[in-house]
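Below is one structure, written out as structure tokens, with a few remarks after it.
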Amino acid sequence: MLIREVKMSFNDLDLRELDKDLSPKEKEEWNDIYSSYRGSSILTKRVSGVDSIKYEGNSVSCLVSIDYRVKVLIPAGEVWYDKSAQRPDYVLKFMSGAEIDYVIIGIDRIGECAIASRRLALESRRRAFKKQRHNVGDIVPCRMIASGRSRCIVEVSGYDFTLSQRDMSYCMITDLRSEFFTGERYKAKIMEYEPAVDHLAISMKEVEPHPYDGVEIRHPINSRRVSKVTAKFGGNVFCRLDGNLDCLCTYSSQWSDSDFSIGDRVVIAISKFNPVKKQVFGKVIAKL
């Protein structure tokens, strides 16, 4: 696959003959591919899935992007910016539906396929990002590349980050996939930035103020609030209040842990605050 065009100069192809019977939409698709191949322009498309192909006797995992009719393959070695720090191939399986950038690096016009590099597109995005003169504290857009149970991969202008819940939300989230979705766009805050050494650090949760701030006014001691069970741990239960604020609760005497499931609506009584750790504590007193 894709060997014919690698060995044959792109300029030797009779594109007028090859493209004469294409529909307008097919011509538009191929013209985008030709343009990217000739000028290294970036194409932004969705990941359709993952294929494993044989190349030079080896099995190679590839992201697949099919915008209309043409299959574009991005080999695992061309997915990540740093070739010396490749992520495991199984990560590619979580990228279906992700919006990614790539540059076409090979064309099999007769086989109606192309090979692309996300790595080259990331390099280009990073150069553009540096020219924009960003500062610590700036809010920037990010894309969810892969959403997993406990970790997610997001991309900000050519920089990929593997984030845990600690970086993404102030709340306890049992499964990040329930609230963060591959292919969606979010925002992130720049926490560190040293363009001279190509270092960038971000946080998604710090785009918004901490939900604990002002808690004494919104949820005073002894107040009762409707909440939702979001997680259980060590005999305690995490209940989420309005404004994405967690309350770490125990059960009142008439209830046991087996009476509640994640997702249940409950009534809790606020019992105390920990301003140092910005925590709220309470007791589950009713089930709705």
**Study point:** Tilt relative to the chain, helix 24-39 - C-alpha long axis, 0 to 90 degrees, to 10
**Key:** 90
Review point. Over the stretch 125-185, what lengths in whole Å, largest first, do the semi-axes of the equivalent ellipsoid take, defined as the square roots of 5 times the eigenvalues of the alpha-carbon gyration tensor?
Key: 24, 13, 8
Point to revise | Net charge over other residues, Cβ less than 11 angstrom from the Cβ of LYS278 (K, R count +1; D, E count -1) | key: -1
**Study point:** Nearest-0.05 FRET efficiency for ALA196 and GLU17, computed from C-beta distance (R0 41 Å)
**Key:** 0.20
Practice item. Using only the Cα atoms of the stretch 24-106, each taken as one equal point scatterer with no solvent, compute I(q) by the Debye sum, divide by I(0), and report log10 of the ratio at q = 0.25 Å⁻¹. Key: -1.33
Review point. Between SER223 and GLU123, what is the FRET efficiency for a Förster distance of 51 Å, r being their Cβ-Cβ separation, to the nearest 0.05?
Key: 0.45
Check your understanding: Highest GNM mean-square fluctuation, the chain, Cα pairs closer than 10 Å: which of SER258, SER124, SER157?
Key -> SER258
Revision key, fill the gap. Candidates GLU208, GLU216, GLU17; GNM for the chain (alpha-carbon contacts under 10 Å) flags as most fluctuating GLU17
Practice item. Please list, or write none, the aspartates and glutamates whose alpha carbon is within less than 20 Å of the alpha carbon of LYS130, excluding same-chain residues fewer than 8 places away. Key: ASP82, ASP101, ASP138, GLU155, ASP160, GLU192, GLU194, ASP198
Review point. Per residue, how much accessible area does the stretch 152-288 show when a 1.4 Å probe rolls over the protein heavy atoms, in square angstrom?
Key: 52
Practice item. Loop only per DSSP, at most 12 neighbouring Cβ atoms within 10 Å: give me the trypsin sites (Lys or Arg not before Pro) in the stretch 228-288, ordered by residue number. Key: LYS277
**Study point:** Value of [θ]222 nm, deg cm²/dmol, for the chain, DSSP H segments ≥ 4, -39500 (n - 2.57) each, nearest 500
**Key:** -4500 deg cm²/dmol
Study note, to complete from the structure: Mean-square fluctuation maximum in Gaussian network of the chain, Cα pairs under 10 Å, restricted to ILE217, ILE173, ILE270, hits ILE217
Review point. Taking only the alpha-carbon positions of the chain and ignoring solvent, what does the Debye formula give for the base-10 log of I(q)/I(0) at q = 0.09, 0.16, 0.17 Å⁻¹?
Key: -0.59, -1.18, -1.27
Point to revise | Using alpha carbons only: equivalent-ellipsoid semi-axes of the stretch 225-270, gyration tensor based, whole Å | key: 16, 11, 10
Revision key, fill the gap. Rounded to the nearest 5, the percent of DSSP beta bridges in the stretch 133-288 running antiparallel is 90
Exercise for review: Return the carbon/sulfur percentage of the accessible area of the stretch 145-204, one whole number, probe 1.4 Å, all protein chains in place.
Suggested key: 46
Review point. What are the ³J(HN,Hα) values, in whole Hz, obtained from phi via the Karplus relation 6.51 cos²θ - 1.76 cosθ + 1.60 with θ = phi - 60°, for each residue of the stretch 139-144 in sequence order, with x given for Gly and Pro?
Key: 9, 10, x, 9, 10, 7
Study note, to complete from the structure: The local net charge around VAL207, scoring Lys/Arg +1 and Asp/Glu -1 for residues other than VAL207 whose Cβ lies under 14 Å from its Cβ, equals 0
Check your understanding: Ratio of the stretch 121-244's C-alpha Rg to 2.2 N^0.38 Å, to two decimals?
Key -> 1.25
Revision key, fill the gap. Plugging the Cβ-Cβ distance of LYS130 and ARG265 into 1/(1 + (r/R0)^6) at R0 = 45 Å yields, to the nearest 0.05, a FRET efficiency of 0.40
Check your understanding: Can you give the extra length, in nm with one decimal, that the chain gains between SER252 and SER96 once fully stretched, where that is 0.36 nm per residue apart less the Cα-Cα distance?
Key -> 51.7 nm
Exercise for review: Please give the helix 118-131 orientation as an angle from the longest Cα principal axis of the chain, in degrees from 0 to 90, rounded to the nearest 10.
Suggested key: 70
Practice item. State the Cα centre-to-centre distance between the stretch 227-288 and the stretch 56-92 in whole Å. Key: 44
**Study point:** Approximate spin-label separation ILE110-ASP175, in nm, with each point projected 7 Å along Cα-to-Cβ
**Key:** 4.8
Point to revise | 20 Å Cα-Cα threshold exceeded, pairs from LYS228/LYS277; LYS25/LYS45; LYS45/LYS189; LYS45/LYS83; LYS205/LYS278 | key: LYS228/LYS277; LYS45/LYS189; LYS45/LYS83
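The values are calculated or read from the model by the stated rules, or taken from the named source; none is laboratory data. These numbers were taken from a predicted model, which means no experiment stands behind them. FYI the Cβ positions are ideal-geometry reconstructions off the backbone, even for glycines, and counts take in every protein chain you see. Just so you know, the surface numbers come from the protein's heavy atoms only, side chains and all, with ligands and any DNA or RNA stripped out. Shrake-Rupley method; radii C 1.70, N 1.55, O 1.52, S 1.80 Å.
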